[in-house]
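Please read the structure below before turning to the comments.
The values are calculated or read from the model by the stated rules, or taken from the named source; none is laboratory data. All values reported here derive from a predicted model rather than from experimental measurement. Here the Cβ positions follow ideal geometry from the backbone for every residue, glycine too, while neighbour counts run over all protein chains shown.
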Amino acid sequence: MQTEAQARIGLVFSLFDVNGNGRVEADDFEAMAGRVDAVATASDDAARARMTAAFRGYWETLATELDTDRDGSVTPDEFAACVLSPERFEDTVAEFAESLAALGDPDGDGRIERPLFIDLMTAIGFETANTNALFDAFGPSGADEVEVPTWVEAIKDYYRPDKAGISGDLLVGGTG
Ligand SMILES: [Ca+2]
Ligand SMILES: [Ca+2]
Ligand SMILES: [Ca+2]
């Protein structure tokens, strides 16, 4: 049951564990924020600061909700508990999704071009091939752009552990 969601949770954990030490902690989110900021060169300072704040807020929510033993890091076992109360992460994920998608649209025309989408997703840690497949699944326009709200909703769905059968499942490689 819900195997796509479980595979997604495993992938999300590995994406969050940027330094690969088997635990998700504040340093991982600082590193991720730095990588995303480094490719968001076309965005203004306010948009970039919002994204960095969203990454820190995401970590604070994880620490509050999932760091059961309060040691400053979240283990895979602790992380798995996120499926029990997905509603506690909704506001955090929404802010994360909206600030990330905003970086994808620095010119503010409401559309995201593929190269920047790929850059941002790669900065977060997704594989390029999977990211291209996801962009294709969004049904890009003739100019190879997708609407900002399409990506916002996809991000929210992706980080919702109780959801299955979504376009973001394309990001989970090797599950057929
Ligand atoms: Ca780590
Ligand atoms: Ca812990
Ligand atoms: Ca745009």
ask   = Which pairs do you get when a residue that is farther than 24 Å from Gly20 by Cβ, found in region 32-45, comes within reach of a residue that is crowded, with 17+ Cβ neighbours inside 10 Å and of a type in the set (A, V, I, L, M), reach meaning Cβ atoms under 6 angstrom, with the pair 6+ apart or on two chains?
value = Ser43/Leu103
task = Could you list all residues from region 1-25 that are among the small types (Gly, Ala, Ser), surrounded by 15 or more Cβ atoms within 10 Å (Cβ to Cβ) and either in contact with a strand residue (DSSP E or B) (Cβ under 7 Å, 6 or more places away or on another chain) or modelled with pLDDT of 90 or more (or both)?
result = none
remark   = Picking from Phe138, Phe126, the residue that is aromatic (Phe, Trp, Tyr) and over 21 Å from Ala38 (Cβ atoms) would be Phe138
task = Among the candidates Thr52, Thr41, Thr68, single out the residue that is more than 16 Å from ligand 3 (Cβ to nearest atom), polar (S, T, N, Q) and either at positive phi or out of contact with any strand residue (DSSP E or B) (no Cβ under 9 Å at 6 or more places or on another chain) (or both).
result = Thr52
Single residue of region 1-17 satisfying the filter (under 13 Å from the mean Cα position of the chain (by Cα) and either in a loop (DSSP other than H, G, I, E, B) or farther than 19 Å from Asp67 by Cα (or both)) that is farthest from ligand 3 (Cβ to nearest atom) = Asp17
note = So, first residue closer than 14 Å to Leu103 by Cα in region 133-151, second residue part of a helix (DSSP H, G or I) and small (Gly, Ala, Ser), Cβ within less than 7 Å, six or more apart or across chains; the pairs are Val148/Ala101; Trp151/Ala101
task = Quick one: count up the residues across region 21-59 that are over 28 Å from Thr75 (Cα atoms) and hydroxyl-bearing (Ser, Thr, Tyr).
result = 2
message = Checking Thr68 against (1) surrounded by fewer than 20 Cβ atoms within 10 Å (Cβ to Cβ); (2) within 16 Å of ligand 1 (Cβ to nearest atom); (3) in contact (Cβ under 8 Å) with a residue 12 or more places away in the chain, only one condition comes out false. Which one?
response = (2)
Residue that is farthest from Leu15 (Cα to Cα) [pool: residues in region 71-97 that are surrounded by 15 or more Cβ atoms within 10 Å (Cβ to Cβ) and among the aliphatic types (A, V, I, L, M)] = Ala94
